[in-house]
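Input: a single structure, listed below in C-alpha cells.
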Amino acid sequence: MLKDRIDQVEERIGRAVLRAGRKRSEITLLAVTKKFPGSVIREAYELGLREFGENYVQEFDEKSGGLGPLPGARFHLIGHLQSNKAARAAELFQTIQTVDSARLARRLEQAGRRLDVLIEVKLSPEESKSGAAPEEIPALADAVRALPNLSLLGLMTMPPWSDNPEETRPYFRRLKQVAVQCRLAQLSMGMSHDLEAAIEEGATIIRVGTALFGPRVKA
Ligand SMILES: *Cc1c(COP(=O)(O)O)cnc(C)c1O
C-alpha cells in the first residue's frame, strides 16, 4: 500500500519535472510523518525513503527512541520551533527548516552541533502562520550565515491553505524571488495537493504527508 503511494507520488514528480524541464535529482521528497507512529517511519525507510519531516519536537522525541538504527536517514523539523526547545531540536534533527529569527538561530548555534537550516518565510498576513517577513530575510540570512555551526541552505514557506494549486502558485513564485535575491539555492515548498505547481516554480524540497501515508488522525 505504502509502496503504491510512493510510486504514485514518484509518477507525479516525474511528470512535473518533465513539464518544467528539470531533473528528478534536483528534488528531495521529504516524507512528512507527523502524527504517525515510528513504525510508519521504519516502513517508509525500508521502502527507500531517507528524508523525513516532523512538526513537533516533543512528538518526535517520544517516537524517535523506539526507531532503532536507520543509517542514512535524515530528519527535518518543519514545524514552528520555540527557543526553549532549540537545544533538544538540535539533537534530534539534522535540518531545521523553520528558523524565523536571529534569536532562534543563536539558540541553535549555542547547541554546539552542525545543523543545516532553512529560513521560514511568511508570505501572507494570516495571524496563525509563523515565519519571517520577506523584507527581513536578507538581514536574517546574513545573521545566520555568520553562525559557524549553521549552514544556511535556503528558504521554506507554507502558503495559506487552498485546494486550488493555482492559488498557491504565486506564493511559490514569490519565495523563489526572495531566494534568488539572497543567493539561496534550496526552496522547500509544495505539499501533497500542490507539489506539481511547486516543482514548476522551482521547489527543491517537497514536503509530502497525506499522499504517502493517508489522512492524519485529528488531535
Ligand atoms: C503537515 C505538513 C506538510 C504535509 O502536508 P500534506 O498535505 O499532508 O502533504 C507539509 N509541510 C508542513 C509544514 C506541514 O505541517
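Every number here is computed from the coordinates shown, using simple stated rules; none is lab data. Remember, predicted model here, so these are calculated numbers, not experimental data. Ideal geometry is used to build each Cβ from the backbone, glycine not excepted, and the neighbour counts take in all protein chains shown.
Pairs to check: 3/176; 122/176; 23/129; 23/122; 85/129. Give those whose C-alpha atoms are more than 21 Å from each other in this structure.
Flagged as over cut-off: 3/176; 23/129; 23/122.
Based solely on its DSSP helices, what 222 nm [θ] is calculated for the chain when runs of n ≥ 4 H residues each add -39,500 (n - 2.57) and the sum is averaged over all residues, nearest 500 deg cm²/dmol?
-11500 deg cm²/dmol
Got a sec to turn the phi values of the range 191-208 into Karplus ³J(HN,Hα) couplings, 6.51 cos²θ - 1.76 cosθ + 1.60 with θ = phi - 60°, whole Hz, x for Gly and Pro?
10, 3, 8, 9, 5, 5, 4, 4, 5, 5, 9, x, 4, 10, 10, 10, 10, 10
Please report the net charge: other residues with Cβ closer than 10 Å to the Cβ of residue 122, K and R +1, D and E -1.
Neighbourhood net charge equals -3.
Using each residue's phi in the range 5-16, evaluate 6.51 cos²θ - 1.76 cosθ + 1.60 at θ = phi - 60° and report the 3J(HN,Hα) Karplus result to the nearest Hz, with x for Gly and Pro.
Rounded to whole hertz, the list is 5, 4, 4, 5, 5, 4, 5, 4, 4, x, 5, 5.
From zero outward in steps of 10 Å, how is the percent of C-alpha pairs of the chain spread across the bins?
Taking every Cα pair in the chain, the percentages come to 8, 35, 38, 18, 1.
Provide the packing ranking of 124-132, 51-59, 140-148, i.e. peptides ordered by the mean count of other C-beta atoms within 10 Å per residue, highest first.
51-59, 140-148, 124-132
Quick check: convex hull over the Cα atoms of the range 1-77, volume per residue in Å³, rounded to an integer?
Values: hull volume 7.1 nm³, N = 77.
Here the figure is 93 Å³ per residue.
Counting only C-alpha contacts under 8 Å and six or more residues apart, can you give the relative contact order of the range 1-155 as a whole percent?
On the way: 221 pairs, mean separation 23.3, N = 155.
Relative contact order, the range 1-155: 15 percent.
Just to confirm a number: summing +1 for Lys and Arg and -1 for Asp and Glu over residues other than residue 58 whose beta-carbon lies under 14 angstrom from that of residue 58, what do you get?
With Lys, Arg at +1 and Asp, Glu at -1, the neighbours total 0.
Mean separation of Cα pairs under 8 Å and 6+ residues apart, divided by the residue count of the range 122-205: what relative contact order is that in percent?
Numbers: 108 pairs, mean separation 23.2, N = 84.
Worked out over the range 122-205, it gives 28 percent.
When Lys and Arg each count +1 and Asp and Glu each count -1, what net charge do the other residues less than 13 Å away from residue 138, Cβ to Cβ, add up to?
Counting the neighbours of residue 138, the net charge comes to -1.
If you scale each eigenvalue of the Cα gyration tensor by 5 and take the root, what three semi-axes come out for the range 108-215, rounded to whole angstrom and sorted largest first?
They are 25, 16, 13 Å, listed from largest to smallest.
With a/c under 1.5 counting as rounded, go ahead and sort the range 64-167 into rounded, prolate or oblate using the C-alpha gyration tensor (a ≥ b ≥ c being the square roots of the eigenvalues; past the cut-off, prolate if a/b is larger than b/c, else oblate).
Taking the square roots of the gyration eigenvalues as a ≥ b ≥ c, the range 64-167 is oblate.
Does the range 1-129 come out rounded, prolate or oblate, given a ≥ b ≥ c as the square roots of the eigenvalues of its C-alpha gyration tensor, rounded meaning a/c under 1.5 and, failing that, prolate meaning a/b above b/c?
Taking the square roots of the gyration eigenvalues as a ≥ b ≥ c, the range 1-129 is oblate.
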